[in-house]
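Worksheet for the structure shown next.
Here, each number is a calculation from the coordinates, and none is a lab measurement. Because the structure is a prediction, the values reported are computed rather than measured. Counting neighbours? That spans all protein chains shown, and the Cβs are built from the backbone with ideal geometry, glycine included.
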Amino acid sequence: EQQRSILLHSTSCFPLPPGVKLSYGTAGFRADASLLESTVFRVGILAALRSVQTRSVVGLMITASHNQASDNGVKVADPSGGMLSQHWEPFADTLSNAGDPNTLLQLIDDFAKKEKIPLEGASEGEVLLGRDTRPSGEFLAEAAKQGITSIMGVNATDMGVMTTPQLHWMVRSRNKGMEASENNYYDQLSTSFRCLMEYIPKGNRNFNVNDKVIVDGADGVGGEKLEILKKLLSDLSIDVRNRGDGVLNEGVGADFVQKEKIIPRGFGPADVGFRCASLDGDADRLVYFSIELNSNKIVLVDGDKILSLFALFIKEQLNILTGEDGKVNESYQARLGVVQTAYANGASTYYLKQLGLEVVFTPTGVKYLHEKASEYDIGIYFEANGHGTILFSESFLCWLEGRNNELTSTSKCSEQQEAALRLLAVSKLINQAVGDSFSGLLLVEAILKHMGWSMFKWNELYHDLPSRQLKVKVVDRTAVITANAETVVVRPIGIQEAINAETAKYPHGRCFIRPSGTEDVIRVYTEAISQEAADSLANSVATLVD
Ligand code: NG1
Ligand code: ZN
């Protein structure tokens, strides 16, 4: 009864804006910040319910990532630190569109029954609340708190401004019973980075101050947080630009750099010859680039290439550990898998398969990639846009620890032990909750150093096939239904045949279309042997869709 009246009262303070219908898309709810207060309140309730159900800490993040500063958004981190379980998404949709307090109460009641969430009696829970640097974040965080605390027994712990991956990391760590403050996060990253640097092959060890990386913080939360992290790193020089003085995501950031392929604000001719990297607005994406002399263009080193570098390094360490032929007696047959989406450049897939790796595809969206990667002992996933991470299975880590102890007692610092220690360090450096630009950056830097490679050498692993991405506005994007990890259109009937016929005209052509999960458009993607061919194929397929 008390619970009912609390909910009725608080909900009446958060009426829905008229005529707005939002949906929990690829990355939570996103809209103009002025429309979001009631949604964020309702997501607060949802996060609290999830926490009560799982008897674990849950996260709520307020961010619109790479979108413009006036937008905002909200997403929930599950107890594992990953995305909200997919079977809760329909509830997220109905809950956030329920205007009338009585309807909302009924929805919660029904859902709680179905999901066996004990609302009567001593329910307990905790939701960690984070937000990026958007000005609207503060009042939206208030709305979230109101929602969270409307469920009796649930506490809202406000972590203030932080990156999306930091919040996910904290949720994961808290539920593993580990210490999980922001400082613990920096400690874990810097310690494991130092450990990797310690096992760099001797010839490549010297630290050269001119060998720095220049990072574009997208004028978001990443810049200020990276300033803190970099102070703990002695073997790496990081110059942070766009730390928050300019407009968030405007002419800066990973999304801009990857899509436009031009120099972001704050970079110029003086940076030619240096490794540069861009984060996005909430610091969960990372791409590298270099600046070309006398041009405003950049050479992009995208998520596919970061993935390839990681895969190469991990495979090398595994080979050392288990012997090339996997014949070392006590070797554990570690399953290494790589997960991509149809947007991965075909040249990267070809390269990874050439390395002998198992490559699988999922639909677009981190939740799908992450889930697939978790099926392996070591699962590496990345989207071309720079979001990705590496997952290690508990049983593999256990074996690795054991192997390391065994090697310690026999031959000190053998090659094999170094490989084991490197892999253990990677498992701590990389954020296993979600893609994290900071751990990605440190791992790239450590691997380049390990290999003794320049960025140029890295970029030469393979050459991207020319590609084109277009958006087509349509009346109803949900009319397009795809299958096979979005590579084939099954509805409307006949379109796939037409696409096939068009694609066949281009040697080595590849093309697929799919409805976007974050914008009201159909996306067209093509690859071919020249830029002109990729463009022309994309244009003709776009007219088929129209
Ligand atoms: P949609 O709008 O569904 O294509 C985009 C990105 C995804 C992912 C989400 C979430 C592309 C082609 N799509 O999804 O990879 O990052 O946004 O932010 O880049
Ligand atoms: Zn992001």
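When only the Cβ of Lys, Arg, Asp and Glu is charged (+1, +1, -1, -1), the dipole of the chain relative to its Cα centre reaches about 420 debye. Averaging the Cα positions of each part gives two centres, and for the stretch 388-438 and the stretch 41-73 these lie 32 Å apart. Convex hull volume per residue, computed on the Cα atoms of the stretch 203-274, equals 104 Å³. Here the gap between residue 516 and residue 471, fully extended at 0.36 nm per residue and compared with their Cα-Cα distance, gives a gain of 15.3 nm.
Checking the cross-link pairs 75/372; 473/505; 297/367 against a 28 Å limit on the alpha carbon distance flags 297/367 as lying beyond it.
Summarised as an ellipsoid, the stretch 378-500 has semi-axes of 42, 19, 13 Å, derived from the eigenvalues of the Cα gyration tensor scaled by 5 and square-rooted, with the largest first. State whether the stretch 59-185 is rounded, prolate or oblate according to the following rule on the C-alpha gyration tensor (a ≥ b ≥ c being the square roots of its eigenvalues): a/c under 1.5 gives rounded; otherwise a/b larger than b/c gives prolate, and the remaining case gives oblate. Since a/c reaches 1.5 but b/c is at least a/b, the shape of the stretch 59-185 is classed as oblate. Stretching residue 87 away from residue 110 to a fully extended chain increases their span by 6.8 nm, per 0.36 nm per residue minus the current alpha-carbon distance. State whether the stretch 1-65 is rounded, prolate or oblate according to the following rule on the C-alpha gyration tensor (a ≥ b ≥ c being the square roots of its eigenvalues): a/c under 1.5 gives rounded; otherwise a/b larger than b/c gives prolate, and the remaining case gives oblate. Judged from the Cα gyration tensor, the stretch 1-65 comes out oblate (a/c at least 1.5, b/c at or above a/b). Taking every alpha-carbon pair under 8 Å whose residues sit at least 6 apart, the chain reaches a relative contact order of 12 percent. In a simple Cβ point-charge model (Lys, Arg +1; Asp, Glu -1; nothing else charged), the stretch 467-545 has a dipole of about 80 debye relative to its Cα centre.
Helices assigned as whole DSSP H runs in the chain whose Cα atoms extend at least 27 Å along their own long axis and whose mean Kyte-Doolittle hydropathy is 0.0 or higher are found at 303-322. Remark: the chain is approximated by an ellipsoid whose semi-axes, taken from the C-alpha gyration tensor as √(5λ), come to 37, 30, 24 Å, largest first. The C-alpha radius of gyration of the stretch 467-545, expressed as a fraction of 2.2 N^0.38 Å, stands at 1.01. Using Cβ point charges alone (K and R +1, D and E -1), the dipole size of the stretch 2-161 about the Cα centre works out to roughly 180 debye. The slack in the chain from residue 232 to residue 70, taken as 0.36 nm per residue of separation less the alpha-carbon distance, amounts to 55.0 nm.
Each part gets one Cα centre, and for the stretch 93-133 versus the stretch 196-254 those centres are 40 Å apart. Considering only 426, 439, 317, the residue lying farthest towards the positive end of the dipole of the stretch 304-459 is 439, judged by Cα position with unit charges set on Cβ. Secondary structure note: in the chain, about 55% of the DSSP beta bridges are antiparallel. Our note on the geometry: Cα centres of the stretch 462-522 and the stretch 268-321, 27 Å apart. Here 401, 250 are placed in order of increasing Cβ neighbour count within 10 Å, fewest first, which gives 401, 250.
In terms of surrounding Cβ atoms within a 10 Å radius of their Cβ, 41, 139, 361 rank from fewest to most as 139, 361, 41. Ordered by the count of other Cβ atoms within 10 Å of each Cβ, fewest first, 13, 195 give 13, 195. With the Cα gyration tensor of the stretch 3-133 giving a ≥ b ≥ c as the square roots of its eigenvalues, does the rule (a/c under 1.5 for rounded; else a/b larger than b/c for prolate; else oblate) give rounded, prolate or oblate? Since a/c reaches 1.5 but b/c is at least a/b, the shape of the stretch 3-133 is classed as oblate.
Look at the alpha carbon pairs under 8 Å that are at least 6 residues apart: their mean separation over the length of the stretch 187-299 gives a relative contact order of 27 percent.
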